[in-house]
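The values are calculated or read from the model by the stated rules, or taken from the named source; none is laboratory data. Treat the numbers as computed from the prediction; the structure is a model and nothing was measured. Cβ atoms come from the backbone with ideal geometry, glycine included; neighbour counts cover every protein chain shown.
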Amino acid sequence: KQWYQRRVRGSREEPVKTSGRRRSPEPDHNASAGTAESLDRIARIINDSDQAPLKTNSERYSPAPEEHSQEPQPVVPAATYLPPPSANTQMTQSKDLLFLLNKYPIMWTGTIALKNDTANVQLHFLSGSSTLAEGAIGALPNLGPGPMRIAQRMRLEPNQIEGVQKRMQHEGHWCMLLALPHCTDPVSLSTQTTVLQQGFISYLDSKQAAGIINLSVPEQTSPYVLHIFPPCEFTRVNMKRFCPELMEGAGDCGYLLIVIATV
């Protein structure tokens, strides 16, 4: 301990010996060689990375085989409920149809009958002789009280239809009317439309026939013959000819095409 204290005291009292020139440390050749090797290795790594092609996302990620085989499934929209047309919509459609029917005057409003079914209809004049139409309508009371009843049928065969077409070639001896369901309110009109479609149109169509009414007039020798056609090729051809703008509306509500001719 005494020796250590004298050593410390002596180091404090002795001045620091310096020389006029500071001695440079000797280079460490081993460290320099190691540093050079490290720099050379880093340079090679950088050079290799510059020459290597860049890897894209598709090269870095390859989907599984099942991912390629699966096709995207289309999105199926949920079923949409479409409500039936309201009474206001039906009223609007009826008004549009009546607007078109202003071109075709109403000749008669009444009830027709077939078997056990009756329907309220209006007869609109389409073409032909209006004088003949007025004469035939004026003679309807000769059928007796009650509705205008269809009592006979004519087969919709080519020879029968040709006979009607020949009568239509004589000017002043024929006329064409359109029978449409009629009522004063939308609910009742819907009922009459159903009756006309099921009780008259469907029945005549199932029989492949037209209804026939013979209307005799005492003061004339030739009676009127009313040919009442359900929708068929004959009616479509003639409606396209005489009233093309009525085809769509009349087809929706149901109709009967009536050809009145003298024998």
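Among the residues of segment 153-189, those that are at pLDDT 90 or above and part of a helix (DSSP H, G or I) comprise PRO158, ASN159, GLN160, ILE161, GLU162, GLY163, VAL164, GLN165, LYS166, ARG167. In the condition set (1) surrounded by 15 or more Cβ atoms within 10 Å (Cβ to Cβ); (2) in a helix (DSSP H, G or I), LEU226 is compliant with all but (2). What do you reckon, is LEU196 outside any strand (DSSP E or B), in contact with a Gly (Cβ under 9 Å, 6 or more places away or on another chain) and under 17 Å from GLU233 (Cβ atoms)? Against the criterion (outside any strand (DSSP E or B), in contact with a Gly (Cβ under 9 Å, 6 or more places away or on another chain) and under 17 Å from GLU233 (Cβ atoms)), LEU196 does not qualify. The set of residues from segment 218-249 being of a type in the set (Asp, Glu) and over 20 Å from GLN165 (Cα atoms) comprises GLU219, GLU245, GLU248. Within segment 151-164, residues that are closer than 21 Å to ASP117 by Cβ sit with their Cβ atoms under 8 Å from residues that are assigned to a helix (DSSP H, G or I), at 6+ positions apart or across chains, in these pairs: ARG153/LEU204; ARG153/LYS207; MET154/GLN160; LEU156/PHE234.
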